[in-house]
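Report on one structure; see the data block that follows.
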Amino acid sequence: MKQKIVAGNWKMNKNLKEAKELIKGIKKEVKAGLKDNTRVIIAPSFVNLQSAVKKTKKSIVEVAAQNMHQAKSGAYTGEVSADMLTNLGIGIVILGHSERREYFAETDELLAKKVDAALGNGLEVVFCFGESLEDRRSGNHFEIVENQLKKALFHLQKENFKDIILAYEPVWAIGTGETASPEQAQEIHAFVRELFTKEYGDETANAISILYGGSVKPANAKEIFSKPDVDGGLIGGAALNAEDFAAIIKSI
Ligand code: PEP
């Protein structure tokens with residue numbers, strides 16, 4: 001079933017003490033008043049995951065990792081495997097974030113392998129995709145989005161998509177303060193759902209949650225979330241403040 005989801009990507013922010021404080025603040029803010037079907041996810045850095053799992057145990061807040069390596073184990077200095085995550089009690093991993101694509105040269109082909117490793121280990125995947133400013137200006141955004149999804153996800157079976165959450169993140173709107181208009185978000189989300197209908201049928205297309213990410217703030221969340229194909233948000237900057245994050249969650 002399609003779910004409403006608000007996920008916070010903390011990126012390389014918050015030391016252990018700060019992470020604990022932020023979790024405490026979020027728990028206090030979201031304790032009451034959430035609709036049944038709404039999920040709240042936070043993605044702290046690797047070193048703070050264990051503590052985050054412990055601190056969110058009796059709450060509705062779920063913990064995700066921001067990345068993982070595709071190999072089972074081995075000589076990959078500095079990397080973290082799917083098994084290491086599940087062993088900590090992590091059930092979700094973000095893959096394909098544009099910062100991973102841009103600064104760490106992650107390609108769609110590599111992401112396909114990471115997705116397989118994550119699903120194979122029982123992890124749910126928040127899969128990010130989205131076009132650059134150049135692609136948007138030249139009108140290539142539909143083609144770019146379609147290629148990213150086809151190359152990284154369309155080798156999967158229908159049943160795999162119960163463990164995939166999509167996150168449309170136009171690169172030009174991430175951390176820039178420039179948000180896609182609710183209409184621009186809706187246009188791509190509807191296009192993506194249509195792609196899934198063509199490839200996997202209506203049932204899969206209508207069950208998959210598609211989040212929007214890119215400068216979502218308390219002031220614009222409600223309007224973006226009101227669009228029929230926007231099922232929630234992946235939040236960067238505003239997820240680092242408990243009141244702002246909670247305000248975004250409550251506007252769903
Ligand atoms: C992100 O990086 O996933 C993101 C959406 O960031 P921001 O909300 O800061 O634009």
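The values are calculated or read from the model by the stated rules, or taken from the named source; none is laboratory data. Keep in mind that what you see is a predicted model, and the values were worked out from it rather than measured. Cβ atoms come from the backbone with ideal geometry, glycine included; neighbour counts cover every protein chain shown. Protein only, heavy atoms only, side chains kept; ligands, DNA and RNA dropped before computing areas. Shrake-Rupley method; radii C 1.70, N 1.55, O 1.52, S 1.80 Å.
Here are a few things to note about the model shown:
- Part-to-part distance (alpha-carbon centres) for the range 107-173 and the range 50-87, which is given in Å: 20
- When its C-alpha radius of gyration is set against 2.2 N^0.38 Å (N residues), the range 38-82 gives a value of 1.33.
- Here's the picture: charge each Lys and Arg Cβ at +1 and each Asp and Glu Cβ at -1 in the chain, and of ILE90, THR77, LEU110 the one pushed furthest to the positive end of that dipole is ILE90.
- Radius, Kirkwood style, for the range 135-212 when every pair of distinct Cα atoms is counted (Å): 13.2
- Separation of the PHE191 and LYS17 label points, Cα + 7 Å toward Cβ, nm: 4.7
- Per residue, the average separation of C-alpha pairs within less than 8 Å and at least 6 apart gives the range 1-135 a relative contact order of 20 percent.
- For the chain: relative contact order, % (alpha-carbon pairs under 8 angstrom, 6 or more apart): 22
- Residue-level accessible surface for LEU211, protein heavy atoms, 1.4 Å, Å²: 0
- Taken along the Cα-to-beta-carbon direction at a fixed 7 Å, the label points for LYS54 and LYS2 span 4.0 nm.
- Accessible carbon and sulfur surface of the chain relative to its total accessible area, %, 1.4 Å: 50
- The residues of the chain have, on average, 47 Å² of accessible surface per residue, using a 1.4 Å probe with all protein chains present.
- Taking the range 161-234 and dividing mean pair separation by its residue count, relative contact order in percent (alpha carbons under 8 Å, at least six apart): 43
- Calculated mean residue ellipticity at 222 nm for the chain: -12500 deg cm²/dmol, from DSSP H runs with n ≥ 4 weighted as -39500 (n - 2.57), summed, divided by the residue count and rounded to 500.
- Descending by average beta-carbon neighbour count within 10 Å, the peptides 242-249, 202-209, 116-123 line up as 242-249, 116-123, 202-209, the highest first.
- Judged by the gyration tensor of its Cα atoms, with axes a ≥ b ≥ c, the chain is rounded; a/c sits under the 1.5 cut.
- Projected area, mean over directions - the range 1-143, Cα convex hull, nm²: 10.4
- Dipole check for the chain: with +1 at the C-beta of Lys and Arg, -1 at the C-beta of Asp and Glu, and the Cα centre as origin, the magnitude is about 1300 Debye.
- Once both labels are positioned 7 Å from their Cα atoms along Cα-to-Cβ, the gap between LYS158 and GLU79 label points is 3.4 nm.
- Comparing mean-square fluctuations of VAL63, VAL126, VAL47 from a GNM of the chain with C-alpha springs under 10 Å, the top value falls on VAL47.
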